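Report on the structure given below.
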Amino acid sequence: MSKEAILQEYVEACESAGIDPHPNFIAYLQETMDDEESIDLVVHGNQKENFNNRIEDKDLIVISDVLEPYAIYVEDIDLRYNHISDAGAEALSRLVMRASRLLGLNL
(Lines give C-alpha, C1' and ligand atoms only; values in the text may rest on other atoms or scores of the structure.)
Protein backbone atom coordinates (compact mmCIF):
# COMPACT_ATOMS: atom_id res chain seq x y z
CA MET A 1 0.00 0.00 0.00
CA SER A 2 1.30 3.43 -0.91
CA LYS A 3 -0.32 6.53 0.51
CA GLU A 4 1.24 8.46 -2.34
CA ALA A 5 -0.73 6.30 -4.79
CA ILE A 6 -3.90 6.74 -2.70
CA LEU A 7 -3.39 10.51 -2.73
CA GLN A 8 -3.01 10.53 -6.51
CA GLU A 9 -6.09 8.33 -6.97
CA TYR A 10 -8.08 10.54 -4.62
CA VAL A 11 -7.18 13.77 -6.42
CA GLU A 12 -8.06 12.19 -9.77
CA ALA A 13 -11.37 10.84 -8.40
CA CYS A 14 -12.26 14.30 -7.07
CA GLU A 15 -11.54 15.84 -10.46
CA SER A 16 -13.77 13.23 -12.13
CA ALA A 17 -16.54 13.89 -9.60
CA GLY A 18 -16.21 17.66 -10.02
CA ILE A 19 -15.46 18.34 -6.34
CA ASP A 20 -12.52 19.84 -4.50
CA PRO A 21 -10.37 17.36 -2.58
CA HIS A 22 -11.04 17.59 1.15
CA PRO A 23 -8.03 19.39 2.68
CA ASN A 24 -8.03 17.32 5.88
CA PHE A 25 -7.86 14.02 4.03
CA ILE A 26 -5.09 15.40 1.78
CA ALA A 27 -3.16 16.63 4.84
CA TYR A 28 -3.55 13.26 6.58
CA LEU A 29 -2.17 11.37 3.58
CA GLN A 30 0.73 13.78 3.19
CA GLU A 31 1.61 13.74 6.90
CA THR A 32 1.56 9.94 7.15
CA MET A 33 3.30 8.97 3.89
CA ASP A 34 5.88 6.93 5.82
CA ASP A 35 3.22 4.84 7.58
CA GLU A 36 2.18 2.25 5.03
CA GLU A 37 0.77 -0.14 7.63
CA SER A 38 -2.57 1.51 8.40
CA ILE A 39 -5.11 4.10 7.34
CA ASP A 40 -7.12 6.20 9.77
CA LEU A 41 -9.98 8.36 8.56
CA VAL A 42 -10.43 10.84 11.40
CA VAL A 43 -12.07 14.22 10.79
CA HIS A 44 -14.04 15.71 13.67
CA GLY A 45 -16.46 18.24 12.24
CA ASN A 46 -16.65 20.15 15.51
CA GLN A 47 -12.95 21.01 15.61
CA LYS A 48 -12.19 24.66 14.97
CA GLU A 49 -10.25 24.03 11.74
CA ASN A 50 -13.00 21.76 10.37
CA PHE A 51 -16.08 23.70 11.43
CA ASN A 52 -16.55 25.36 8.02
CA ASN A 53 -15.15 22.43 6.09
CA ARG A 54 -16.99 19.37 7.34
CA ILE A 55 -17.10 16.15 5.38
CA GLU A 56 -20.29 15.86 3.36
CA ASP A 57 -21.79 12.97 1.41
CA LYS A 58 -20.05 13.93 -1.83
CA ASP A 59 -16.67 13.90 -0.05
CA LEU A 60 -17.31 10.64 1.77
CA ILE A 61 -18.50 8.86 -1.36
CA VAL A 62 -15.26 9.66 -3.20
CA ILE A 63 -13.06 8.90 -0.17
CA SER A 64 -14.83 5.56 0.40
CA ASP A 65 -14.56 4.58 -3.26
CA VAL A 66 -10.85 5.38 -3.33
CA LEU A 67 -10.13 3.57 -0.06
CA GLU A 68 -12.18 0.46 -0.85
CA PRO A 69 -9.28 -1.40 -2.54
CA TYR A 70 -7.15 -0.55 0.52
CA ALA A 71 -9.82 -1.46 3.09
CA ILE A 72 -7.61 -4.11 4.69
CA TYR A 73 -5.43 -1.26 6.00
CA VAL A 74 -8.26 0.83 7.50
CA GLU A 75 -8.06 0.70 11.30
CA ASP A 76 -10.02 3.72 12.52
CA ILE A 77 -12.89 5.80 11.16
CA ASP A 78 -14.07 8.75 13.21
CA LEU A 79 -16.30 11.23 11.39
CA ARG A 80 -18.28 12.69 14.27
CA TYR A 81 -20.02 16.04 13.77
CA ASN A 82 -19.83 15.99 9.98
CA HIS A 83 -22.68 16.36 7.48
CA ILE A 84 -23.27 12.72 6.54
CA SER A 85 -26.67 11.41 5.47
CA ASP A 86 -27.86 8.03 4.22
CA ALA A 87 -26.00 8.41 0.89
CA GLY A 88 -22.65 8.95 2.60
CA ALA A 89 -23.33 6.22 5.13
CA GLU A 90 -24.13 3.77 2.34
CA ALA A 91 -20.81 4.50 0.62
CA LEU A 92 -18.98 4.17 3.92
CA SER A 93 -20.71 0.85 4.65
CA ARG A 94 -19.11 -0.69 1.55
CA LEU A 95 -15.70 0.30 2.92
CA VAL A 96 -16.48 -0.91 6.43
CA MET A 97 -17.62 -4.33 5.17
CA ARG A 98 -14.15 -4.89 3.71
CA ALA A 99 -12.16 -3.36 6.58
CA SER A 100 -11.26 -6.50 8.52
CA ARG A 101 -8.75 -4.65 10.74
CA LEU A 102 -11.20 -1.89 11.70
CA LEU A 103 -10.79 -1.16 15.42
CA GLY A 104 -12.99 1.93 15.81
CA LEU A 105 -15.99 3.43 14.07
CA ASN A 106 -17.58 6.70 15.25
CA LEU A 107 -20.12 8.65 13.23
Practice item. State which residue pairs qualify: first residue touching a residue at least 60 places away in the same chain (Cβ under 8 Å) and inside region 1-19, second residue part of a helix (DSSP H, G or I) and open to solvent by 50 Å² or more (accessible area, probe 1.4 Å) in any location, beta carbons under 8 Å apart, and separation of 6 or more residues or different chains. Key: MET1/TYR73
Review point. Would you call MET33 surrounded by fewer than 20 Cβ atoms within 10 Å (Cβ to Cβ) and either of a type in the set (Val, Ile, Thr) or under 18 Å from ARG101 (Cα atoms) (or both)?
Key: no
Check your understanding: Could you list, in sequence order, the residues of region 58-82 that are touching a residue at least 12 places away in the same chain (Cβ under 8 Å), of a type outside the set (A, V, I, L, M, F, W, C) and under 18 Å from CYS14 (Cα atoms)?
Key -> LYS58, ASP59, SER64, ASP65, GLU68, TYR70
Check your understanding: So which residues in region 47-88 are touching a His at 6+ places or on another chain (Cβ under 9 Å), within 18 Å of PRO21 (Cβ to Cβ) and open to solvent by 50 Å² or more (accessible area, probe 1.4 Å)?
Key -> ASN53, GLU56
**Study point:** Residues of region 37-46 satisfying the condition of being farther than 13 Å from ASP76 by Cβ and either touching a His at 6+ places or on another chain (Cβ under 7 Å) or surrounded by 14 or more Cβ atoms within 10 Å (Cβ to Cβ) (or both)
**Key:** GLY45
Practice item. Give the residues of region 1-37 that are at pLDDT below 90 and hydroxyl-bearing (Ser, Thr, Tyr), sorted by residue number. Key: SER2, TYR28, THR32
Exercise for review: Identify, from the list LEU60, LEU41, the residue that is within 21 Å of LEU102 (Cβ to Cβ) and at pLDDT below 90.
Suggested key: LEU41
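The values are calculated or read from the model by the stated rules, or taken from the named source; none is laboratory data. Since this is a predicted model, take the numbers as computed values, not measurements. Because the Cβ atoms are built from the backbone with ideal geometry, glycine has one as well, and the counts that use them run over all protein chains shown. Heads up: the accessible areas ignore ligands, DNA and RNA and are worked out on the full protein's heavy atoms, side chains in. Shrake-Rupley method; radii C 1.70, N 1.55, O 1.52, S 1.80 Å.
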